[in-house]
Amino acid sequence: MRDEQQAAPRPEDLTLDPKYHGFAHIPNTDVLIKFNAKPRTDFTFDPQNTGDDNRFVTAKIPVHGDPEQGGGTVTNINAKGSQLRVDVRAPTLPGSPRFYYENDFYGSGSGEFPYRIRHIYGQIYGIIVGQTFSVFEDPDVWPDTVDYEGPNSAVFARRPLVRYQRKIGDEWQLNLGLEQPESEIDTSIDTAAHGVNHAPDGGFNVRWENADIGHVQFATILRDIAVRGPTVGQQSTFGWGLNLSGVFNTVGRDSLQAQLTYGEGIFRYVNDDFVNNDAAFDHHGDIEAIPYFGGMFGYSHHWADDWRSTVSYGYAHLDNTASQAGTAYHQTDYASANVIWQLRRRLAVGVEGLYGHKQTKDGTDGEVWRATVGVMASIFD
């Protein structure tokens with residue numbers, strides 16, 4: 001139900017479905033096209049205010065002393081996670097060109113369904129242009145959660161970018177990329193200050209993949225993080241990150257997903273990024289990239305052909321700087337467990353329990369629970 005894999009660019013003409021189910025041939029061309037609609041409805045039940053009625057966001061959990069904490073039971077129904085997808089391929093043409101488009105309705109506009117583009121990119125000869133996953137992310141490592149948000153510590157970044165992807169032998173591939181920068185800085189000591197982008201973010205990943213075992217991916221990202229303001233002046237600092245991830249086949253159709261991330265000034269690449277936490281200022285007013293550590297794991301078990309479960313856990317931690325307020329994001333924990341019934345090939349129902357804990361810089365914390373039910377249909381798989 002947390003399907004990030006279909007959208008990911010793959011080397012050469014690789015597709016997750018080698019038989020191209022659902023694709024239609026455009027007459028008098030070598031082009032195949034697949035349109036897919038994935039409508040879904042999510043029901044959420046909270047014993048108290050979790051900070052977000054639609055998605056389970058640990059960064060938004062109210063802590064003790066927050067007037068938003070508590071408040072009694074909250075129930076919500078939304079369909080914002082419904083998606084429209086278009087996948088266009090020409091595997092027999094030189095360069096194996098591909099165009100991919102995907103949207104949902106979690107945009108920032110008003111109304112019940114604010115439009116948001118998730119992916120729109122073209123790919124040919126291994127060159128990818130448009131908006132899609134960062135080279136720092138491993139989209140295959142996402143646990144199969146019912147909740148649309150997913151784990152707090154997952155590396156999750158869709159960016160306008162240019163990437164180059166190349167296979168090296170049968171089991172290795174290399175990805176290089178330049179991506180849209182954005183300096184997300186805690187400017188609480190100079191509220192008139194703002195982030196400045198001097199250079200694009202750049203990075204690469206190396207991936208080993210074996211059909212019987214699974215895959216391992218190592219990625220890095222390099223950043224220039226800068227600020228300009230009347231009090232802090234013009235300053236910049238270096239940001240960097242390392243991300244090690246993998247998915248491993250275990251018993252039968254079961255699989256283990258795992259990820260470890262560390263760096264400085266990389267919170268923009270973390271799923272819990274809802275407040276500026278790439279950099280802040282030290283005792284002397286000098287800009288400083290904030291160290292981040294995150295870990296995530298998931299385990300998926302198939303009880304039968306049409307029944308499966310996934311448990312997952314995420315941990316995200318920031319080493320806050322001296323200038324950050326006591327209420328600044330410091331640490332969160334995320335846990336989920338679900339049962340999903342694939343009652344038809346194109347129709348799934350999932351029930352999930354979620355737990356979240358948040359702690360701020362001054363040690364104040366809060367914890368919440370949620371029960372969620374998701375129903376998702378897929379018109380063409």
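Among the residues of this structure, residue 348 counts as one that is out of contact with any His (no Cβ under 8 Å at 6 or more places or on another chain), within 30 Å of residue 39 (Cα to Cα) and either in contact (Cβ under 8 Å) with a residue 40 or more places away in the chain or surrounded by 20 or more Cβ atoms within 10 Å (Cβ to Cβ) (or both).
Please find, within the stretch 98-134, the residue that is farthest from residue 154 (Cα to Cα) out of those that are hydroxyl-bearing (Ser, Thr, Tyr) and surrounded by fewer than 15 Cβ atoms within 10 Å (Cβ to Cβ). Spell out how you get there, then give the answer.
Within the stretch 98-134, the first condition is being hydroxyl-bearing (Ser, Thr, Tyr), and the residues that meet it are 100-101, 106, 108, 110, 115, 121, 125, 132, 134.
Those still in the list that are surrounded by fewer than 15 Cβ atoms within 10 Å (Cβ to Cβ) too: 108, 110, 115, 125.
Numbers: 108: 22, 110: 28, 115: 24, 125: 29 Å.
Per the criteria, the residue is 125.
Going by the structure shown, is residue 76 at positive phi, more than 21 Å from the chain's Cα centre (by Cα) and surrounded by fewer than 17 Cβ atoms within 10 Å (Cβ to Cβ)? For residue 76, the condition - at positive phi, more than 21 Å from the chain's Cα centre (by Cα) and surrounded by fewer than 17 Cβ atoms within 10 Å (Cβ to Cβ) - is not met.
Grab the strands (runs of 3 or more DSSP E) fully contained in the stretch 35-125, keeping just those with 2 or more residues being closer than 21 Å to residue 354 by Cα, touching a residue at least 24 places away in the same chain (Cβ under 8 Å) and in contact with a strand residue (DSSP E or B) (Cβ under 9 Å, 6 or more places away or on another chain). First the steps, then the outcome.
On the way: elements: 40-46, 74-78, 83-89, 98-104, 116-124.
Strands (runs of 3 or more DSSP E) meeting the threshold: 40-46, 74-78.
Out of the residues in the stretch 315-326 that are touching a residue at least 60 places away in the same chain (Cβ under 8 Å) and farther than 28 Å from residue 143 by Cβ, state the one that is surrounded by the fewest Cβ atoms within 10 Å (Cβ to Cβ). Before you say what the answer is, go through the steps one by one.
Going through the stretch 315-326, the residues touching a residue at least 60 places away in the same chain (Cβ under 8 Å) turn out to be 315-316, 321, 323-325.
Still in the list and also farther than 28 Å from residue 143 by Cβ: 321, 323-325.
Numbers: 321: 21, 323: 21, 324: 21, 325: 13.
In this case the residue turns out to be 325.
Just one of (1) of a type in the set (S, T, N, Q); (2) in contact with an Asp or Glu (Cβ under 9 Å, 6 or more places away or on another chain); (3) within 20 Å of residue 273 (Cα to Cα); (4) surrounded by fewer than 17 Cβ atoms within 10 Å (Cβ to Cβ) fails for residue 210. It is (3). Total residues in the stretch 351-361 satisfying the condition of being farther than 18 Å from residue 307 by Cβ and either surrounded by fewer than 21 Cβ atoms within 10 Å (Cβ to Cβ) or of a type in the set (Ser, Thr, Tyr) (or both): the figure is 5. Of everything listed in (1) among the hydroxyl-bearing types (Ser, Thr, Tyr); (2) modelled with pLDDT of 95 or more; (3) closer than 20 Å to residue 321 by Cβ, the single unmet condition for residue 187 is (2). Number of residues in the stretch 252-265 that are farther than 20 Å from residue 216 by Cβ and surrounded by 24 or more Cβ atoms within 10 Å (Cβ to Cβ) equals 1. Against the definition (touching a Leu at 6+ places or on another chain (Cβ under 9 Å) and without any contact (Cβ under 8 Å) to a residue 60 or more places away in the chain), how does residue 197 come out, yes or no? The answer is no for residue 197.
Return yes or no: is residue 163 out of contact with any His (no Cβ under 6 Å at 6 or more places or on another chain), surrounded by 22 or more Cβ atoms within 10 Å (Cβ to Cβ) and assigned to a strand (DSSP E or B)?
Working: out of contact with any His (no Cβ under 6 Å at 6 or more places or on another chain): yes; surrounded by 22 or more Cβ atoms within 10 Å (Cβ to Cβ): yes; assigned to a strand (DSSP E or B): yes.
Criteria met by residue 163.
Of the candidates 27, 18, the single residue that is free of Cβ contacts under 8 Å to residues at least 60 places away in the same chain, over 23 Å from the mean Cα position of the chain (by Cα), within 30 Å of residue 215 (Cβ to Cβ) and part of a loop (DSSP other than H, G, I, E, B) is 18. Residues of the stretch 171-201 that are outside any loop (DSSP other than H, G, I, E, B), more than 22 Å from the chain's Cα centre (by Cα) and either under 30 Å from residue 231 (Cα atoms) or basic (Lys, Arg) (or both): 194, 195, 196. The strands (runs of 3 or more DSSP E) located wholly in the stretch 212-271 that include 2 or more residues which are β-branched (Val, Ile, Thr) and at pLDDT 95 or above occupy 214-229, 233-249.
Test residue 312 against the criterion of being within 19 Å of the chain's Cα centre (by Cα) and crowded, with 22+ Cβ neighbours inside 10 Å, and give yes or no.
On the way: within 19 Å of the chain's Cα centre (by Cα): yes; crowded, with 22+ Cβ neighbours inside 10 Å: yes.
So residue 312 passes the test.
Scanning for something among the small types (Gly, Ala, Ser) and within 19 Å of the chain's Cα centre (by Cα), does the stretch 107-122 turn up at least one residue? Within the stretch 107-122, one or more residues are among the small types (Gly, Ala, Ser) and within 19 Å of the chain's Cα centre (by Cα).
Scanning the stretch 362-375 for residues that are surrounded by fewer than 17 Cβ atoms within 10 Å (Cβ to Cβ) and either in a loop (DSSP other than H, G, I, E, B) or in contact with a helix residue (DSSP H, G or I) (Cβ under 9 Å, 6 or more places away or on another chain) (or both) yields a count of 3. Residue pairs whose Cβ atoms lie under 6 Å apart, sitting 6 or more positions apart in sequence or on different chains, and linking a residue in the stretch 137-152 that is within 15 Å of residue 256 (Cβ to Cβ) to a partner that is part of a loop (DSSP other than H, G, I, E, B) and of a type in the set (S, T, N, Q), are 140/5. Considering only residues in the stretch 4-44 that are surrounded by fewer than 15 Cβ atoms within 10 Å (Cβ to Cβ) and in contact with an Asp or Glu (Cβ under 9 Å, 6 or more places away or on another chain), the one that is farthest from residue 56 (Cα to Cα) turns out to be 21.
The values are calculated or read from the model by the stated rules, or taken from the named source; none is laboratory data. None of these values were measured; they are calculated from a predicted model. No Cβ is skipped: glycine too gets one built from the backbone with ideal geometry, and neighbour counts run over all protein chains shown.
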